[in-house]
Protein chains: 2
Amino acid sequence: MTVTRGAGAGGVGRQLVSEPIALLGIGKIARDQHIPAIASSGAFHLAATVSRSGGIDDVENHADVADLLTARPDINVLSLCMPPVPRFDIATAALAAGKHVMLEKPPGATVSEVLKLERLARAKGVTLFATWHSREAAGVAQARAHLRDAQIKHVQIDWKEDVRRWHPGQDWIWQAGGLGVFDPGINALSIMTAIVPNPVHLTDATLSFPENRDTPIAADLSFAGPAGMTVDAAFDWRQEGPQSWNITVDTTVGQLRLTDGGATLHIDGMAQTCEGPGEYPGLYHRFAELIEAGQSDVDISPLQHVADAFMLGRRTTVAAFHD
Amino acid sequence: MTVTRGAGAGGVGRQLVSEPIALLGIGKIARDQHIPAIASSGAFHLAATVSRSGGIDDVENHADVADLLTARPDINVLSLCMPPVPRFDIATAALAAGKHVMLEKPPGATVSEVLKLERLARAKGVTLFATWHSREAAGVAQARAHLRDAQIKHVQIDWKEDVRRWHPGQDWIWQAGGLGVFDPGINALSIMTAIVPNPVHLTDATLSFPENRDTPIAADLSFAGPAGMTVDAAFDWRQEGPQSWNITVDTTVGQLRLTDGGATLHIDGMAQTCEGPGEYPGLYHRFAELIEAGQSDVDISPLQHVADAFMLGRRTTVAAFHD
């Protein structure tokens, strides 16, 4: 894909050669997912990084987004992987400079700031892609298609993992704005809001805060949808042994079950064949499509449900957590 | 105003005679504000109430919204004053029955449910009015007009009152979903979002929870707007003696100051003459206008900022509060 300059903003062209992309925020998720996904992408090649703690071998690194924008005006596509709290100012600078921007999840520390980014992208005529990587899990598209005309009775979400295993030493997730167990839990909500055809709203929530932390280590949520439909979600970061990332949907005619974070799909107990490029390759493929089409994709509903849970939820204090 | 039936929904007609209205949720705010405002309204007359604890003298009362809808199909306009948590189901029933609906503030216990009500009202072709009574305070419209083209540097909000005086025995405000000090604080946010011409987003928040309560008794918020503009807000329910409901706006050319909850306006130290019908009479006047025009007015931004504050904010525990 070639991105050519439109009127004052990165424009859209045909997919001829791969487009230079800059990756900002070189932490665990960048190294584990974004760099391999970009390396395997036909649409993009990694041309620069931005990291204060150093980049990666053989790729030029800049100290901050301002340096990048000055040094590499030829790079029109930026992918932002830093934690949500510092992300807004960087995204604003990138969009204001007429760059196409992809945001890791969650797209911001607040809903209001994401709405501001969306308005800015529209004003600048560039693509903003607020990603939800779990929506690219192999079983999700088929689950959504299966449920499109279904009458759903109940959705049960169990999203239970060992925080020490998946977020070792990540202090920011325990700080205000880091979302705590909602950092993985929002992945489940991103799938639920993608496969359930009607919007739901939170009716009850209990959030469990370790006595020494600013974000919850567990949360139980209940939602209501149309015609008596309910959703219950249990998020827990204290799960040792086998890990659970499961969504079970009971309809009037049967049961659909997504396991392994959405990678595996069973319908009425029968395993379905699900194929896809993988979550992060899927995101970069979709980002290229959005730029090509001159569109944005900003669905804030998973983050909205999290904000609602913090506002409506009861708080309980549980044992201190030490990494 | 006569409301005539349109195709399947309460339609719009010319203002000839006052329209019957039902008031649902007969608590302190209904008795203090809604009933006098309806009594003084040329557009509406109070035809029925819904209250489980009994209504008011000389007005027919129904036990719940279903009874009202069955018994009085002639009433096409409903005003909902119960606390936010139970309000969604009642509002949904009313809108689904094709009634025009006015919601006390905050319009819901979650942002998502208000968005669902907005969609339902649009689908049914009826008016939904999510009210913010403080926006009808006498100085607000003039403040908004003055700031329309101003370059704002800083907004300082001080909203400090004695909860024992203004919310005596109101247990629901201390329960999850009752918002605590944000119940009055959201009034300040409703004014701020009305008079500041550009959207802002929360950047920092500290919420102080009494050790025996589920909602905060105090909150300190910071917001950012364009071009370095900042907003600081201090909400506190522990203010004895004089009460403070003040918003001070510093611009590049001077200062604007709203006091008394928006009723009094000073520009560069000069008192401005502000006249208006009063907050609740203003709301019912606007509701009649919206029905007449076939429009809705649902601005969720104040509630969005509160949800963002609960999500982003640090929590501190303070002394127990006893009523």
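The values are calculated or read from the model by the stated rules, or taken from the named source; none is laboratory data. Worth saying up front: this structure is predicted, and the values here are computed from it rather than measured. Here the Cβ positions follow ideal geometry from the backbone for every residue, glycine too, while neighbour counts run over all protein chains shown. With ligands, DNA and RNA removed, areas are computed over all heavy atoms of the protein, side chains included. Shrake-Rupley method; radii C 1.70, N 1.55, O 1.52, S 1.80 Å.
Output ³J(HN,Hα) for segment A:21-31: one whole-Hz value per residue in order, computed from phi by the Karplus curve 6.51 cos²θ - 1.76 cosθ + 1.60 with θ = phi - 60°, and x for Gly and Pro.
3J(HN,Hα) across segment A:21-31, in whole Hz: 10, 10, 10, 10, x, 9, x, 4, 6, 5, 6.
Mind listing the label-point distances from A:Ala227 to the same position on all other copies, shortest first, one decimal in nm, points 7 Å along Cα→Cβ?
For A:Ala227, the inter-copy label distances come out at 5.3 nm.
Counting residues in segment A:215-263 as N, plug N into 2.2 N^0.38 Å and put the Cα Rg over that result.
1.36
Could you give log10 I(q)/I(0) at q = 0.23 Å⁻¹ for segment B:115-191, computed by the Debye formula over C-alpha point scatterers of equal weight, without solvent?
Results for segment B:115-191 at q = 0.23 Å⁻¹ read -1.10.
When a/c reaches 1.5 or more, the comparison of a/b and b/c decides; with that in mind, is segment A:259-323 rounded, prolate or oblate per its Cα gyration tensor?
Oblate, since a/c reaches 1.5 and b/c is not below a/b.
Which value, in nm² and rounded to one decimal, describes the direction-averaged projected area of the C-alpha convex hull of segment A:157-238?
Numbers: hull surface 21.8 nm².
Convex hull of Cα atoms, orientation-averaged projection: 5.5 nm².
Could you pull out every residue, at least 5 positions away or on a different chain, whose amide H is within less than 5 Å of the one on A:Gln255? Hs are placed 1.01 Å off N in the peptide plane, and Pro or chain starts have none.
Correct list: A:Asp268.
Give me the dipole magnitude in Debye, nearest 20, for segment B:89-161 about the Cα centre, with unit charges on the beta carbon: positive for Lys and Arg, negative for Asp and Glu. Let's see the in-between values first.
Values: 11 positive and 8 negative charges, 55 e Å.
The calculated dipole for segment B:89-161 is roughly 260 debye.
How far is helix A:182-195 tilted, in degrees, relative to the longest principal axis of the Cα atoms in chain A, given as a value from 0 to 90 rounded to the nearest 10?
Tilt of helix A:182-195: around 80 degrees.
For segment A:56-128, what's the relative contact order in percent, using C-alpha pairs closer than 8 Å and at least 6 residues apart?
The value is 29 percent.
Amide H of A:Asp204: which non-local residues (sequence gap of 5 or more, or other chain) have their own amide H closer than 5 Å, using H built in the peptide plane?
For A:Asp204, whose amide H was placed from the backbone, the distant partners under 5 Å are A:Ser222.
Provide the per residue accessible area, probe 1.4 Å, for segment A:28-72, rounded to a whole number of square angstrom.
53 Å²
In chain A, what percentage of the DSSP-assigned beta bridges are antiparallel, given to the nearest 5?
On the way: 35 of 67 bridges.
Counting DSSP beta bridges with both partners in chain A, the antiparallel share is about 50 percent.
What net charge is computed for the residues neighbouring B:Asp64, neighbours being all others with C-beta under 11 Å from the C-beta of B:Asp64, Lys and Arg scored +1, Asp and Glu -1?
Residues near B:Asp64 contribute -1 overall.
Give the percent of DSSP beta bridges with both residues in the protein assembly as shown that are antiparallel, rounded to the nearest 5.
50 percent
Enter the buried accessible area of the A/B pair, total of both sides, probe 1.4 Å, in Å² rounded to the nearest 100. Please list the in-between numbers first.
On the way: alone 13900 and 13910 Å², together 25260 Å².
Heavy-atom accessible area buried at this interface is about 2600 Å².
Work from the charge dipole of chain B (Cβ charges, +1 for Lys and Arg, -1 for Asp and Glu, about the Cα centre) and give the residue of B:Gly27, B:Val196, B:Ile56 farthest towards its positive end.
Farthest along the dipole direction, towards plus: B:Val196.
GNM on chain B, C-alpha springs below 10 Å: top fluctuator among B:Thr110, B:Thr273, B:Thr203?
B:Thr273
Given charges of +1 on the Cβ of Lys and Arg and -1 on the Cβ of Asp and Glu, with all other atoms neutral, how large is the dipole of segment B:124-253 about its Cα centre, in debye to the nearest 20? Working shown, then result.
Working: 10 positive and 15 negative charges, 94 e Å.
The dipole of segment B:124-253 has a size of about 460 debye.
Take a quick pass over the protein assembly as shown and tell me how many lysine pairs come in under 15 angstrom between Cα atoms, counting only ones 8 or more apart or on separate chains. Write down the numbers at each step before the final one.
Values: A:Lys28/A:Lys105; A:Lys99/A:Lys124; A:Lys116/A:Lys124; B:Lys28/B:Lys105; B:Lys99/B:Lys124; B:Lys116/B:Lys124.
Lysine pair count for the protein assembly as shown: 6.
Taking a point 7 Å out from Cα toward Cβ as the label site, list the nm distances between A:Asp162 and the same residue in every other copy, smallest first.
5.7
Tally up the carbon and sulfur contribution to the accessible surface of chain A as a whole percent, 1.4 Å probe, everything protein left in place.
49 percent
For segment A:209-309, state the semi-axes of the equivalent ellipsoid (square roots of 5 times the eigenvalues of the alpha-carbon gyration tensor), sorted largest first and rounded to whole angstrom.
26, 23, 18
In µm²/s, what is D for segment B:94-147 at 10 °C and 1.306 mPa s, where D = kT/(6 pi eta Rh) by Stokes-Einstein and Rh is the Kirkwood radius from Cα pairs?
Rounded to a whole number, D works out at 127 µm²/s.
Give me the orientation-averaged projected area of the Cα convex hull of chain B, in nm², one decimal.
On the way: hull surface 66.6 nm².
Dividing the Cα hull surface by four gives the mean projection, 16.7 nm².
Roughly how tilted is helix B:301-312, in degrees to the nearest 10 and between 0 and 90, from the longest Cα axis of chain B?
Once rounded, one gets 50 degrees.
When only Cα pairs under 8 Å and 6 or more residues apart are kept, what is the percent relative contact order across segment B:146-265?
Working: 237 pairs, mean separation 43.7, N = 120.
For segment B:146-265, the relative contact order is 36 percent.
For chain A, what does the relative contact order come out to in percent, with C-alpha contacts under 8 Å and a separation of six or more?
Rounded, it is 20 percent for chain A.
Treat every Asp and Glu Cβ in segment B:55-114 as -1 and every Lys and Arg Cβ as +1, leave all other atoms uncharged, and give the resulting dipole magnitude about the Cα centre to the nearest 20 debye.
300 debye
Per-residue Cβ counts within 10 Å, from other chains only, averaged over A:283-292: what number is that?
0
When 1/r is averaged over all different Cα pairs and the result inverted, which Kirkwood radius in Å belongs to the protein assembly as shown?
On the way: mean 1/r = 0.0379 Å⁻¹.
This gives a value of 26.4 Å.
Once you average over the residues of B:192-199, how many Cβ atoms of partner chains fall within 10 Å of each Cβ?
Average per residue, whole number: 1.
Counting only protein heavy atoms, probe 1.4 Å: which residues of segment B:305-319 lose 30 Å² or more of accessible surface in the full assembly compared with their chain by itself?
Checking the loss per residue gives B:Ala307, B:Asp308, B:Phe310, B:Met311, B:Leu312, B:Arg314, B:Arg315.
What is the mean number of Cβ atoms from other protein chains located within 10 Å of the Cβ atom of each residue in peptide A:112-118, rounded to a whole number?
Taking all residues of A:112-118 together, the mean is 5.
Helix-derived [θ] at 222 nm for chain B: sum -39500 (n - 2.57) over DSSP H runs of at least 4, divide by residue count, nearest 500?
-8500 deg cm²/dmol
Every other copy gets compared here: list the nm distances from the A:Thr316 label point (7 Å along Cα to Cβ) to its counterparts, shortest first, one decimal.
Here the equivalent label points are 2.7 nm apart from this one.
Mind listing the long-range amide H neighbours of B:His62? Cut-off is under 5 Å, sequence gap 5 or more, other chains count too, H placed in the peptide plane at 1.01 Å from N.
For B:His62, the qualifying residues are B:Thr49, B:Val50, B:Ser51.
In bins 5 Å wide, starting from 0, what share of all Cα pairs of segment B:15-83 does each bin hold, as a percent?
4, 18, 32, 26, 15, 5, 1
Which of A:Ala137, A:Ala109, A:Ala150 moves most in a GNM of chain A, Cα contacts under 10 Å?
Highest fluctuation of the listed residues: A:Ala150.
At a 10 angstrom cut-off on C-beta neighbours, averaged per residue, how do the peptides A:295-302, B:305-312, A:55-62, A:18-25 rank from highest to lowest?
The packing order, highest mean first, is B:305-312, A:18-25, A:295-302, A:55-62.
Can I get the semi-axes of segment A:53-160's equivalent ellipsoid? Compute them from the C-alpha gyration tensor as square roots of 5 times the eigenvalues, in angstrom, largest first.
The three semi-axes for segment A:53-160 are 33, 17, 14 Å.
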